[in-house]
Structures are given as structure tokens and as C-alpha cells.
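*Asks:* Okay, here's the structure, questions in a sec.
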Amino acid sequence: MSASPQIFTATSAYSLAFVTGVGVAAYLAAKSLLPKNASWQDRVTFIWLAFDGIIHYTLEGSFVYYSLFGRQVNTSSGPMAQMWKEYALADSRWGTADPTIVSLELLTVFGVGTMCFYVLKQLIQRDPARHYWIIVLSTSELYGGWMTFCPEWLTGSPSLDTSNALFLWVYLVFMNVIWVFVPLWLMYDSYGHIASSLRLAQAAADTKKN
């Protein structure tokens, strides 16, 4: 009787360690770069966007590299390629340079990733205009997640492997759901700031007219 294939591998371990390391770096950057009197909301926003931007530029940027000009993850080598091969065990589209996934990742890396660092700059400078860009950025994240999974669900999820807890709950659920709930919270927070400012400006204008 053949042994069951090993699910949690050395690649699994260093992939999760890489993501954890990015989170720690984002936390330390917030402590170092934000003003001491920054609100907890701004601190959480900074940590998330630093984490988000680094992930987009490094991890997802490597996927774009491995998926253009005839390349694909499954035939590539190197530590980052191994990480993507590991993720492709749960969602095979990431191993074969699926054109929809690559198109979304081009938008994510060069568009959303760049916006992350632009908003980080605005947070450090306490520029309130950041709330507009946070909503644009978060909408892009939600669109990317929807277009990654909705077409797959509509066709019966042929590319997804949910046969074990690591693939289902860590790679497919956790690694994607955080890009739903955090952007939704950011949109809610920024909407509050924008709406409050506009209402105050309107009240001031109405008072001036009277």
C-alpha cells in the first residue's frame, strides 16, 4: 500500500514564513515611520498597505515574471517559483499562466501595488487626500478577488483542489479572504472621513449663505 503524499512540505513552511516576515516588516515600518500620535486606524491601515504593497511587488511580481513571454510557473525554477508551484497545487491556474489570472495580476502588481506605496507616503505626510485613493485601491482589490474566483465557481471550480485543510483553509480561504475583509473595512473607514468632511463643508457653506 503506497504512502499518502506529504501535504505540508518545506516549501509550505518557507512560503508561510515569507508571508509572516512581510507582516513583521510592515509592523516595524509603521512603528518607525508613522507619527507617534497617529490613530490606531491609521496604524492598521499603514501595516496593511505596507504588507499589501510588498506582497504585490515581490510575491505577485515574481508570478507575473514567470508567466509572461511563454514562461509559466510549472516550468520555472527558483525559490519564488517553488512557492507558486506550492500554491498551484490548490489552484492549478497559477501554474499554467492562465490569461485571466495573469491579466489581473498585471493590474494588481503595477496598479494596486504602486497605489499602496503612494498611500503610505500620504499617511506619513498626514495627507487627507489618501482616503480617496484608499477607496480606489480597495475597490481594485475586491474586483481582482471577484474576477479571480467568480469565473471559476461558475464553471464548477475545475482548477481548485480542496481535498485537504492546508489547500482549502490556508491557501484558498485565508490567503484570499483577508483581501476581502480588510479592503471593505478600509472603504468603510475612508467613507466616514470623506462624508464627515463634506458634511462639515456643506454646513459651513450654508451658514455663510445665511
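*Asks:* Can you tell me which residue is least open to solvent (accessible area, probe 1.4 Å) among those in region 164-174 that are out of contact with any helix residue (DSSP H, G or I) (no Cβ under 8 Å at 6 or more places or on another chain) and more than 19 Å from Thr96 (Cβ to Cβ)?
*Replies:* Taking the candidates together, the pick is Asn164.
*Asks:* Surrounded by 14 or more Cβ atoms within 10 Å (Cβ to Cβ) and without any contact (Cβ under 8 Å) to a residue 60 or more places away in the chain: does that describe Ile135?
*Replies:* Criteria met by Ile135.
*Asks:* Still on this structure, I have one more. Could you list, in sequence order, all residues of region 32-62 that are crowded, with 16+ Cβ neighbours inside 10 Å and farther than 18 Å from Ile178 by Cβ?
*Replies:* Leu34, Ala38, Asp42, Gly61, Ser62
*Asks:* Tell me, please, whether a residue that is among the aliphatic types (A, V, I, L, M), closer than 27 Å to Ser32 by Cα, open to solvent by 70 Å² or more (accessible area, probe 1.4 Å) and not in a loop (DSSP other than H, G, I, E, B) can be found in region 139-156.
*Replies:* Scanning region 139-156, I find no residue that is among the aliphatic types (A, V, I, L, M), closer than 27 Å to Ser32 by Cα, open to solvent by 70 Å² or more (accessible area, probe 1.4 Å) and not in a loop (DSSP other than H, G, I, E, B), so the answer is no.
*Asks:* Follow-up. I'm told Gly113 meets every condition in (1) surrounded by 14 or more Cβ atoms within 10 Å (Cβ to Cβ); (2) more than 19 Å from the chain's Cα centre (by Cα); (3) not hydrophobic (A, V, I, L, M, F, W, C) except one. Can you identify the failing condition by its number?
*Replies:* (2)
*Asks:* Checking Trp146 against (1) aromatic (Phe, Trp, Tyr); (2) in contact (Cβ under 8 Å) with a residue 24 or more places away in the chain; (3) farther than 22 Å from Ala30 by Cβ, which test does it fail?
*Replies:* Going through (1) aromatic (Phe, Trp, Tyr); (2) in contact (Cβ under 8 Å) with a residue 24 or more places away in the chain; (3) farther than 22 Å from Ala30 by Cβ one by one, Trp146 breaks only (2).
*Asks:* With respect to the numbered conditions (1) of a type outside the set (Phe, Trp, Tyr); (2) in contact (Cβ under 8 Å) with a residue 40 or more places away in the chain; (3) in contact with a Leu (Cβ under 9 Å, 6 or more places away or on another chain), which one is the sole condition not fulfilled by Thr9?
*Replies:* (3)
The values are calculated or read from the model by the stated rules, or taken from the named source; none is laboratory data. Here the structure is a predicted model, which means the values were calculated and not measured. Here Cβ is always computed from backbone atoms with ideal geometry, including for glycine, and neighbour counts include all displayed protein chains. Just the protein is used for accessible areas: all its heavy atoms, side chains included, with ligands, DNA and RNA removed. Shrake-Rupley method; radii C 1.70, N 1.55, O 1.52, S 1.80 Å.
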